[in-house]
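Peer 1: Structure in structure tokens, see below.
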Amino acid sequence: MTAFSVATITGCGKHTLKYPNGTIKYEGGWKDNQENGKGTYYFEEGTVAYEGEWKGKYFDGNGKLYSRDGKLAYEGQY
């Protein structure tokens, strides 16, 4: 698992988290200091790992999960 730093981010709206190397880790909805609503999670090398709905920092609702090589691994409900 890749290490990353976490800062306390309060409020709600849209937010972007980054890995220590500067690539985007997550961008999308944010509420109560965690991923919430529609958002995209990225592998450290920059490819999409998951895009879809979140609730309480977990995949929740419609979403697409991708393998590291960019292939769609699953699409549906979480």
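Just so you know, all these numbers are worked out from the coordinates, no wet-lab data involved. The shown structure was predicted, so the numbers you read here are calculated from the model rather than taken from an experiment. Ideal geometry is used to build each Cβ from the backbone, glycine not excepted, and the neighbour counts take in all protein chains shown.
Peer 1: Rounded, prolate or oblate: which one fits the chain, using the alpha carbon gyration tensor with axes a ≥ b ≥ c (rounded when a/c is under 1.5, else prolate when a/b beats b/c, else oblate)?
Peer 2: oblate
Peer 1: Same structure again: Explain nothing, just the number: relative contact order of the stretch 24-77, from Cα pairs under 8 Å at least 6 residues apart, as a whole percent.
Peer 2: On the way: 117 pairs, mean separation 13.3, N = 54.
Over the stretch 24-77, the number comes to 25 percent.
Peer 1: Let me ask you something else. Rank these for me by crowding, Leu72, Leu17, going from fewest to most other beta carbons within 10 Å.
Peer 2: Taking fewest neighbouring Cβ atoms as first place, the list is Leu72, Leu17.
Peer 1: Right, here's the next one. Return the FRET efficiency for the residue pair Lys38, Lys71: r is the Cβ-Cβ distance, R0 is 25 Å, and the value is rounded to the nearest 0.05.
Peer 2: Result of the calculation: an efficiency of 0.70.
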